[in-house]
Amino acid sequence: MRDSTEPPERHDGKDPPLGGVLDFLRLLWAVDHALQSASKRMESNFGMTGPQRLVMRIVGRFPGIAAGRVAEILHVHPSTLTGILKRLESRGLLQRRTDPRDARRALFMLTPKGRKLDTVRTGIVEQAVRRVLATDPGKVAAAQELLLALSEELDAGLR
């Protein structure tokens, strides 16, 4: 018997129906697995993982951004970002400067080499997302709203 709080089942005929919540979780984990796999392929093909690419694109959009602000945008703990920033900096893609107003903060911008990589490219996660987002703006807005609510609910459960 299905829990009345669960959304209706969506069954594609390929996988056994598990109920609304478990089917949704299965899809989330499928997306997570696909992102991880694509990130590994990106590293092999382009020398940069998906998370590294996302950080590069954010820094490219907001030159002089503080590391803490990048972490806020990505909804991750700043310590999660430290390794990514260090790797990108050591590869000469990011430049770190001390914030003149607060010496404890580091500000990041792309180097000339980094700016060359901060372009729209094919064969990466970003391109797949761009194609899917172009399908139906109403569905995209609903999906974003749902994912944001889920993220907030999960974060609240950790407090």
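Side notes on the structure shown:
- Rg to Rh, two decimals, where the chain supplies the alpha carbon set and Rh follows Kirkwood: 1.04
- Nearest 10 degrees, 0 to 90: helix 50-61 Cα axis against the chain principal axis: 60
- FRET E, pair T98, V31, Förster distance 41 Å, beta-carbon r, rounded to 0.05: 0.60
- Summing charges over all other residues whose Cβ lies under 12 Å from the Cβ of A66, with Lys and Arg as +1 and Asp and Glu as -1, gives +3.
- Cα gyration tensor, the range 120-159 - rounded (a/c under 1.5), prolate or oblate: oblate
- Between 0 and 90°, nearest 10: helix 137-157 axis offset from the chain longest Cα axis: 80
- Efficiency of FRET between T82 and K139 - r from beta-carbon atoms, R0 41 angstrom, step 0.05: 0.70
- Gyration tensor (alpha-carbon) shape descriptor, the range 48-119, a/c threshold 1.5: oblate
Bear in mind that the values in this text are calculations on the coordinates, not laboratory data. Given the structure is predicted, the values throughout are model-derived calculations rather than measurements. FYI the Cβ positions are ideal-geometry reconstructions off the backbone, even for glycines, and counts take in every protein chain you see.
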